[in-house]
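Please read the structure below before turning to the comments.
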Amino acid sequence: MLFGALEAGGTKMVLAVGNEYGEIMEEISIPTKEPDTTIPLIIDYFKEKNISALGIGSFGPIDLNDESSTYGYITTTPKLAWANYDIVGIMKKALSIPIGFDTDVNGSALGEATWGITKGLSSSVYITVGTGVGVGVYINGSLLHGMLHPEAGHILLQRHPDDNFEGVCPYHPNCLEGLASGPAIEKRWGEKASDLVDKQEVWELEAYYLAQAMVNYILTLSPKRIVLGGGVMHQMQLFPLIRTQVKTFLNGYVKTKELDNLDEYIVPASLEDKQGIMGCIQLAKLRCQAP
Ligand code: ADP
Ligand code: ZN
């Protein structure tokens, strides 16, 4: 059986066809322009592929409430051409197949939970640290939506006492995305994150903020493992720094066998940056199986 996968990002769209085992047969990527330009290209790509369903992992915010009249819409995004855009409805009409829909980061969380490093675990958290910071939450075997969907990249943090950087989030002076995303690193230190590899203080501070956020996720969501992906997390030296800080912030309060082994609890994404698109295949598959 073949499934379509669409990872809808603010700068690019990744389109792929895969099977029920998560194997990707073909994949292309196109820039995200206005919907009138981009959507017809997506429809043309999937039209002749003989797919049984399409899974979309989208930038947001999006409406995931199936009782809402705007279910399947991209809603209040600052990318104005895409605001209030019925992406699920339009793809459904054009392709006449079931459409699975979730946030891009929930897609990545699902990819890892189905085929990757959190496979077999009932609860996990996936954090992407890239242009933005996003958090996907897989709890008791399904993706968490709630009122809207988690927006835990904007969790508010305690500033490091020596950090006077104003942050890059237009909404919050002290949120994780504003203080620790790729653009935040670049603006604070005046160089691209990938050119700051040898500056220890950059990664110590980055780990300080990521660990604080992660402790909050540990205390509220109790995941069995936390996966970190996205461009910034290619800096592997962050992992031991984050683990040390998580231990310090938890200060022994929660004692579990998982937290006794932080090397296996806080881990890099395992699917070679295919976790998002593979998650979209699983979103399609689940939608096909839905009653
Ligand atoms: P996006 O979030 O746009 O989907 P990425 O996850 O690749 O894409 O994130 C892009 C951000 O990550 C940029 O701010 C970039 O500077 C940063 N980044 C990309 N690769 C690296 C790297 N190897 N090391 C550190 N930062 C990186
Ligand atoms: Zn914010």
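Data table
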read-out	value
Per-region count, region 27-69, residues touching a residue at least 40 places away in the same chain (Cβ under 8 Å), small (Gly, Ala, Ser) and farther than 15 Å from ASP102 by Cα	1
Criterion: part of a strand (DSSP E or B), over 17 Å from TYR265 (Cβ atoms) and touching a strand residue (DSSP E or B) at 6+ places or on another chain (Cβ under 8 Å) - qualifying residue of GLY100, GLY107	GLY100
Some residue of region 172-185 being open to solvent by 30 Å² or more (accessible area, probe 1.4 Å), touching a helix residue (DSSP H, G or I) at 6+ places or on another chain (Cβ under 8 Å) and within 13 Å of ligand 2 (Cβ to nearest atom)	yes
Condition met for GLU206 (charged (D, E, K, R), assigned to a helix (DSSP H, G or I) and within 15 Å of ligand 2 (Cβ to nearest atom))	no
Flag for LYS92 being in contact with a strand residue (DSSP E or B) (Cβ under 6 Å, 6 or more places away or on another chain) and surrounded by fewer than 18 Cβ atoms within 10 Å (Cβ to Cβ)	yes
Some residue of region 57-79 being in contact with a helix residue (DSSP H, G or I) (Cβ under 7 Å, 6 or more places away or on another chain) and part of a helix (DSSP H, G or I)	no
Residue match in region 146-165 (condition: in contact (Cβ under 8 Å) with a residue 24 or more places away in the chain, in a helix (DSSP H, G or I), surrounded by 21 or more Cβ atoms within 10 Å (Cβ to Cβ) and within 10 Å of ligand 1 (Cβ to nearest atom))	no
Total residues in region 115-140, condition over 15 Å from LEU210 (Cβ atoms), open to solvent by 30 Å² or more (accessible area, probe 1.4 Å) and not charged (D, E, K, R)	9
Matching option when the condition is touching a residue at least 24 places away in the same chain (Cβ under 8 Å) and either of a type in the set (D, E, K, R) or assigned to a loop (DSSP other than H, G, I, E, B) (or both), among LYS224, LYS257, LYS247	LYS224
Residue in region 18-25 that is at pLDDT 95 or above, of a type in the set (Phe, Trp, Tyr) and open to solvent by 50 Å² or more (accessible area, probe 1.4 Å) present	yes
Residue that is most open to solvent (accessible area, probe 1.4 Å) [pool: residues in region 251-291 that are among the acidic types (Asp, Glu) and more than 19 Å from TYR21 (Cβ to Cβ)]	ASP260
Exclusive hit being more than 28 Å from ALA180 (Cβ to Cβ) and in contact with a Gly (Cβ under 7 Å, 6 or more places away or on another chain), set GLY72, GLY132	GLY72
Residue within region 275-290 that is outside the structural domain of TYR21 (by TED's automatic domain parsing), of a type in the set (D, E, K, R) and under 29 Å from VAL14 (Cβ atoms) present	yes
Residue within region 5-17 that is closer than 28 Å to LEU148 by Cα, away from ligand 1 (no atom under 16 Å from the Cβ) and surrounded by 13 or more Cβ atoms within 10 Å (Cβ to Cβ) present	no
Options GLY130, GLY72, GLY22: the member that is in contact (Cβ under 8 Å) with a residue 60 or more places away in the chain and touching a strand residue (DSSP E or B) at 6+ places or on another chain (Cβ under 9 Å)	GLY130
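The values are calculated or read from the model by the stated rules, or taken from the named source; none is laboratory data. All figures in this text were calculated on a predicted structure; none of them were measured in a lab. Every residue, glycine among them, receives a Cβ derived from its backbone with ideal geometry; neighbour counts consider all protein chains shown. The accessibility values were calculated without ligands, DNA or RNA, using every heavy atom of the protein model including side chains. Shrake-Rupley method; radii C 1.70, N 1.55, O 1.52, S 1.80 Å.
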